[in-house]
Amino acid sequence: MQAPRSTTLRHLAVLVGISVVASYLGLTTHGLTNWQEAMRALVAREMHATQEWFLPTVHNTPYLAKPPMIYWAQLGLAKLTGTEPAIWQLRLTVALAGTASVILAYLAARSLASTPRGTGVPPVDAPTRDREEADNNHAARVAFWSAASLATGVLFVRSTRIGELDMLMVPFVIGAVWALAEAWRSGARTGKTHLRAIAAATACTACASLTKGPPALLAIAAGSYGAMLLSAAFSRDATQSATHRPAALAITSAVISVALIAPLIWLRASDVADLSTGVGLGLFCALAVGIAIAVARFITRPTRARTLLSAFMRTHPVLIIIAGLAPLWLWKQAVNARLDARSDIAAPEDFIATAAGNEAADNLRVLVLSSPLDNLEAASFGVGLGSVAAVVAIVWLIQDKPRLGTLGFVAIAWAVLGVALFSALGKGVGRYLTPVWPGIALLGGMWLAAGLRDLPWRRTLAIACSVAVAVLAVAQGAWYGLGRELRSPDRSPGALVRDLAQHTEPGFDHLIAIDMWHPAIDHAAGQLVEPYFLQGPETGFSFGRPEPASALVSRIQASGPVIALIRADRHPLLPEQTPRPIDALREAIPNVVATPIDSLPP
């Protein structure tokens, strides 16, 4: 029995309404503040001005840190509206991605929690019909509360409000995980490859990789192939005909655990400096034990390995990897062709390799001991109600040991393995977990649906969850739509530039920056606010390299007085003995007049 169309439409209407309240009110009331957000807006505007769709640039300097999907989305919206890309197009891009993610999370959970078509006994009697109707209602509850938790998640909503590209990859990740789970389930049932599901997974993986590259593929692998691995290793169905050998399993697990933990401690024990890093090392050791147990279960029972291999063969992981890497390779070829045509870049291959190396060095951090605790902290509130329910769900799974279907393994793998992988390979930044939020929401939605079905106080739980979702939606919509601007109207660098325009002559040719560069300043000024780095560190762009104080003196002698934006304190990457930028500037140019920003006349 399939879900009534009216129930699905009603649920989707409510979810879209929640998303509108939380993510769309006052999209542009607050200016560009976040550095990454300002960079996306600045690059898209320059690509529009030059009509260049493949080579992102910042003031004619190639910017290859990220793939182009976020820029394409802004350019597409600008073309539809007949305007140039601005803050509105950027914010609308991520808000639409957030709504698409909520809808896809609902549809995926509804599909994976339901009994597949063509299975089971036809409902020829009342008890069977009642059972299928109950299963269908349960699947609807799982889907709704998973999606509602996602739509109001604290860090999820934040990402829909700030033009970071992490949110743009989430609908593609959900689509790929959903399609691969359907292909896995269909293959196990029919023994055939579900070609349409594989095609959908391939397309979603390609789009995800063009949004953020390898991190998107990591999230897809955690939610799909991680679920297949967990199912083969721990599913009850896989062990019904197997001989139970606890001694062999325990010995093998212990040997592998020692083999993994010993080098981990040897390499990282010296990095333990406080409680946080000590807990991080302990969590990494726990992860190693979990890996050891999973591997041991495959070693001691070969039937599990055959089950996993069968699942992989019908979901074609090699094709999915190619689908993820090929678009990036093609884009880099297009970039390389454009760099070849530029006379100011001598070695395009080296330029691309350097950009990729810098990005990897900044984001790929293996076994950073503070990362697990930082990520667990973010996961504890990132999905709001879903985060709280996910913690309870883990306890519920351990205590009650409910029978897990496809959705159960997908949710556990997506949430637990996702956090583990990004902790082992990242630096513990909460926004990097954005593609993991749907998995945590699904895990929490599973418990909420079970509680609303089985608990004696289910009516109270339903009321509490409804109130929590409503409060989170309204509070976040009010904060991002109006409260943030009312409380901190000057927080955006664009507001500073607009204020300066009221006190100076038209144009910004006389405006410079010292020991700082922020893309939001250039975006508001509509041009490069030339930076002078007297102390550093440099930005990595051709217009942000350290220059001697004499260069600034020569500029003033040639063009007259300037207004300079200068850091109040030294850059945190500089040594502590480094003087404040204003003191260094006064030593180089004795006649400097310094006025704090908050002392400007109204």
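The values are calculated or read from the model by the stated rules, or taken from the named source; none is laboratory data. Owing to the predicted nature of the structure, the values given are computational and were not obtained by experimental measurement. Using ideal geometry, Cβ is built from the backbone for each residue, glycine included, and neighbour counts are taken over all protein chains shown. Surface accessibility is based on the protein's heavy atoms, side chains included, excluding ligands, DNA and RNA. Shrake-Rupley method; radii C 1.70, N 1.55, O 1.52, S 1.80 Å.
Applying the criterion of at least 3 residues that are farther than 19 Å from residue 416 by Cα and modelled with pLDDT of 90 or more to the helices (runs of 4 or more DSSP H) found wholly in the stretch 217-311 leaves 246-268, 275-300. Against the test of being of a type in the set (D, E, K, R) and either buried (at least 18 other Cβ atoms within 10 Å of the Cβ) or within 21 Å of residue 393 (Cβ to Cβ) (or both), the options 453, 491 yield a single qualifying residue, 453.
Can you say whether residue 15 is in contact with a Ser or Thr (Cβ under 7 Å, 6 or more places away or on another chain) and either assigned to a helix (DSSP H, G or I) or closer than 23 Å to residue 211 by Cβ (or both), as far as the supplied structure shows? The answer is no for residue 15. Could you look through the stretch 372-388, keep only residues that are open to solvent by 40 Å² or more (accessible area, probe 1.4 Å) and outside any loop (DSSP other than H, G, I, E, B), and pick out the one that is nearest to residue 436 (Cα to Cα)? If we take residues in the stretch 372-388 being open to solvent by 40 Å² or more (accessible area, probe 1.4 Å) and outside any loop (DSSP other than H, G, I, E, B), then 376 is nearest to residue 436 (Cα to Cα). The residue that is most open to solvent (accessible area, probe 1.4 Å), among those in the stretch 12-58 that are in contact with a helix residue (DSSP H, G or I) (Cβ under 9 Å, 6 or more places away or on another chain) and acidic (Asp, Glu), is 52.
Among the conditions (1) farther than 26 Å from residue 19 by Cβ; (2) in a helix (DSSP H, G or I); (3) touching a Leu at 6+ places or on another chain (Cβ under 8 Å); (4) not hydroxyl-bearing (Ser, Thr, Tyr), residue 369 misses just one, which is (2). Among the residues of the stretch 329-367, those identified as without any contact (Cβ under 8 Å) to a residue 24 or more places away in the chain, under 20 Å from residue 69 (Cβ atoms) and among the hydrophobic types (A, V, I, L, M, F, W, C) are 329, 330, 337, 360. Has the stretch 505-521 got any residue that is in a helix (DSSP H, G or I) and free of Cβ contacts under 8 Å to residues at least 24 places away in the same chain? Among the residues of the stretch 505-521, not one is in a helix (DSSP H, G or I) and free of Cβ contacts under 8 Å to residues at least 24 places away in the same chain, which makes the answer no.
Cβ separations smaller than 6 Å between residues 6+ apart or across chains give the following pairs from the stretch 77-103 residues that are free of Cβ contacts under 8 Å to residues at least 24 places away in the same chain to residues that are open to solvent by less than 20 Å² (accessible area, probe 1.4 Å): 77/89. Listed by position, the helices (runs of 4 or more DSSP H) inside the stretch 141-213 whose residues that are among the hydroxyl-bearing types (Ser, Thr, Tyr) and over 30 Å from residue 481 (Cα atoms) number at least 2 are 166-190, 195-212. Do we have residue 408 as among the small types (Gly, Ala, Ser), over 26 Å from residue 476 (Cβ atoms) and open to solvent by less than 30 Å² (accessible area, probe 1.4 Å) here? Spelling it out, residue 408 is indeed among the small types (Gly, Ala, Ser), over 26 Å from residue 476 (Cβ atoms) and open to solvent by less than 30 Å² (accessible area, probe 1.4 Å). Annotation: of all residues in the stretch 2-11 being open to solvent by 50 Å² or more (accessible area, probe 1.4 Å) and assigned to a helix (DSSP H, G or I), the one that is modelled with the lowest pLDDT is 5.
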